[in-house]
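Below is one structure, written out as structure tokens; comments come after it.
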Amino acid sequence: MPPKSCALCNVSRPILKRPKTGQQICKDCFFYVFETEVHNTISEAQLFRPGDRVAIGASGGKDSTVLAYVMKTLNERYNYGLDLYLLSIDEGITGYRDDSLETVKRNQQQYSMPLKILSYEELYGWTMDAIVSEIGKKNNCTFCGVFRRQALDRGAATLAVDHIVTGHNADDIAETVLMNIMRGDIARLGRCTLICTQGEDTIKRSKPFKYAYEKEIVMYAYFKKLDYFSTECIYSPDAYRGHARVFLKDLEAARPSAIIDIIHSGEAFEVREEVKKTQKAQQTCKRCGYMSSNDLCKACTLLEGLERGIADAGISDKGKKKLEASGPAPDSLRKIPYFELPGGPGPAVAIESVQQAPPQD
Amino acid sequence: MSSCGNPATDPDALMERRAKFDKTTDCIKCKVERGSIVVRHAVYCKNCFFAVVTHKFRRSLEHPSDRMASDARQAASSSRTKSSLVGFSGGLGSTVLLDAVDRFYFPHEDLKKGGKAHPRNKKTSVKVHMCYVEMCNAFTGITDRTSDITDACKDYENLELHICRLEDAFDPNWWSKFHPLGTNIIPSSSIRLDDEALPFTQSIESSSDPVSNLRKYLTSLPTPTAVQSAIKTMVRVILLYTARFLRCSQVILGTSLTSLSINLISSIAQGGGFNVPEESYEEWTASSVDFSAQPTTIRVIRPLRDIGMKECSAWAWWRNLLIIGKEKLPINERQSIGGLTEEFIIGLEKDYPSTVSAIARTCAKVNPKDEATSRCAVCQRPHPSGALDWKARISIRSLSGDESSSVTDSNTHGDRASGLAPDLCYACYSHFVSRSSKSIAIQGDSAIPLPTWVSNSSSRKVSLERLKESIGEYLLEE
């Protein structure tokens, strides 16, 4: 039988059971604890300074929609003094991304934030639809993931922001910990639980929802009646991540604290020093100037493979050898524009290129 | 061949099964014999299979410092001079382990190679014990298997069998014999689970029935995950104390590569990331609470940790070993993290055999981030401080703003009355407080008895009392 009153305020009727704590609480208390926990995460990690220009990676999905709403709420409530922007990447997936971007455009108006949309086609000359028609569904997530990461940094550079925040939640991080262990990706394992990552040549990137359960994000969006797009990507999901995701959901069903317990585990260990020494040093891509652990960054390798009809050049050793055997890249090859961090304060591109939010009523 | 789509429209929909071997069906080691087994795409004949597995077994049995020995013979003999306790459960891994240990410590005539002077062929004078922990009294309706175990072990005449029982964890008489404090052992305590500080209630009567205390402990734990983990911990600690009592310097467990990967993922999913290295190798000092005795370090080694379940099965099959099987306990495996992980990893091993070894290899490359400050009162493993603070920081459990209403390391530190919580590692604390989504609220009378070693390992209580005792003659009357 449900308790008569909320476990936190002891007054109102509880309407949900928090997956994170198991407590039965009312709606207002849920909003309060959810928002305050995100604020605690931000303030304890000292993610921002007053005056920072912050881009919110917005896909139109539940995580980024709730993130935009909560960031706006906290910025006003706690006087963070941030300039918030929405930054969307258009991968060029007909029937999926075009629809979700409509949601982002509505969010832009609802939250009065400037929006910048950068497309794969604009940056790389290829849409995901074109890539899938070239390579099939197998490995398409590799292209999309690598291209999106760079696109976010490049979009942020054009907005001249100091910081990108993404809607990665606790479930995503726990899943990544498991996945990196299973596939032996020790470099990523070492950094996947960090709340904030920044290389010398990249824009600071943070995850304010690091400790927020996906289920609670959905609950928050549901009770706040937020406008978000909920369809899964039409291209097949990453099979390997899919394995880890199904397993994690089973663990969560058995014991909801498993998600946060995995993150605690990931924070408790680190890569041994002697192993770190064997890892490749970070450098910049000779072709596009983006961070890379090889002469060419992954995006340039993938793009060259696509352009030269050897799509698996960046996927398998066999493809890599085939690309090397076919000689040096021709001068006419399409290349990614050279990446430069914004030099100083103020936008690096004319603000007209950014779709301004209409003034509030 | 399986399909996850429409092969007529999508050529990638067909997922063709990979060939089980890479190049040839001949043995890749001797290159002469026809292969008899495929191990992760490598083909071996029967003789080379035994040679390879034995090599892996010996290498894992060595102490890390032994591997640095300049003389390989010294290194080989070093492991054989240590008295050992072999944990035996009746399962595949421990059955193969017993056989391999018997062949390693007491080589049969047919295995002697390298001449009389080779350390491997010298007769060892060390004692090797076997220990089985019977669990039939943990739940009702489980058959006592001690006679089956005794029968299975009788062929190993050089190894001495000891049988312990899970309820020994709650038996003060057993502990007075095995614990360094002897008859000065502190009686078991009990705690309340309805308060997240896990406050102590009262000491348990020494005459109380260990079986009923064991059952009450297990039935009070809030999730099947916690029950499974508690049993595993009790077996491990009983083995450690038994090894100490028998003056063994090492405990040898039959954890295969598959089991190690299961243990690693399961431990990580239960918050045990700090103890990842202990899953494959650990050193345990028994006498941290005993000021009079010299510290005795017991190392726990898992010499099958590079050998997968498939190789163990082949070893057992070709050596004609009888597998009794592990006891099936009435725990809903689909509702426990350990059970789910086992199902997941064994499924992975069928389709992606290299993933299982990748898990173990990846975890071998990490170390704890912080220094351990104490040892967990329940699992006896090292843990850093701050676990409770971390838990309190990431989730708000009270609106009062009153610090005392949330359990933290700081507000309970040094205050024994506050409860067991600060003496626990993150994973053990979670076992007591994390509920399943279907759990009902803990009711009023929820005191649960604790295993005897918990009150005797709880650093603060023991150290205060025994510290005062050790300096008593210098203290003036107040």
Under 5 Å between amide hydrogens, which residues at least 5 positions from A:K116 or on another chain qualify, with H placed 1.01 Å from N in the peptide plane? A:L86, A:L87, A:S88
Local electrostatic count, B:E278, Cβ distance below 12 Å [Lys/Arg +1, Asp/Glu -1]: +2
Quick check on my link table: of A:K280/B:K46; A:K62/A:K276; A:K320/B:K365; A:K321/B:K46; A:K137/A:K322; A:K62/B:K232, which ones sit more than 32 Å apart, alpha carbon to alpha carbon? A:K280/B:K46; A:K62/A:K276; A:K321/B:K46; A:K62/B:K232
At a threshold of 8 angstrom on Cα-Cα distance, excluding pairs fewer than six apart, so keeping six or more, what relative contact order does chain A reach in percent? 19
In deg cm²/dmol and to the nearest 500, what is the mean residue ellipticity at 222 nm of chain A if only DSSP H runs of at least 4 residues count, each as -39500 (n - 2.57), divided by the residue total? -14000 deg cm²/dmol
Suppose every Lys and Arg Cβ carries +1 and every Asp and Glu Cβ carries -1, with no other charges. What dipole size does region A:48-279 come out with about its Cα centre, to the nearest 20 debye? 340
Please tell me which of these pairs span more than 25 angstrom C-alpha to C-alpha: A:K210/A:K249; A:K4/B:K391; A:K277/B:K82? A:K4/B:K391; A:K277/B:K82
Net charge near B:I268 (other residues with Cβ under 10 Å of its Cβ; Lys, Arg +1; Asp, Glu -1) is -2
Here the net charge surrounding A:E76, from other residues whose Cβ is less than 14 Å away from its Cβ (Lys, Arg +1; Asp, Glu -1), is 0
Debye sum, Cα scatterers, region A:48-279, no solvent: what log₁₀ I/I(0) at q = 0.09, 0.12, 0.16, 0.18 1/Å? -0.39, -0.72, -1.32, -1.61
Within 10 Å of the Cβ of an average residue in B:331-344, the count of other chain Cβ atoms is 3
Give A:K105/A:K224; A:K17/A:K72; B:K328/B:K369 a once-over and call out the pairs whose C-alpha atoms are over 30 Å from each other. B:K328/B:K369
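None of the figures in this text is laboratory data; all of them are computed from the coordinates on show. These numbers were taken from a predicted model, which means no experiment stands behind them. Neighbour counts are summed over all protein chains in view; Cβ atoms, including those assigned to glycine, are modelled from backbone coordinates with ideal geometry.
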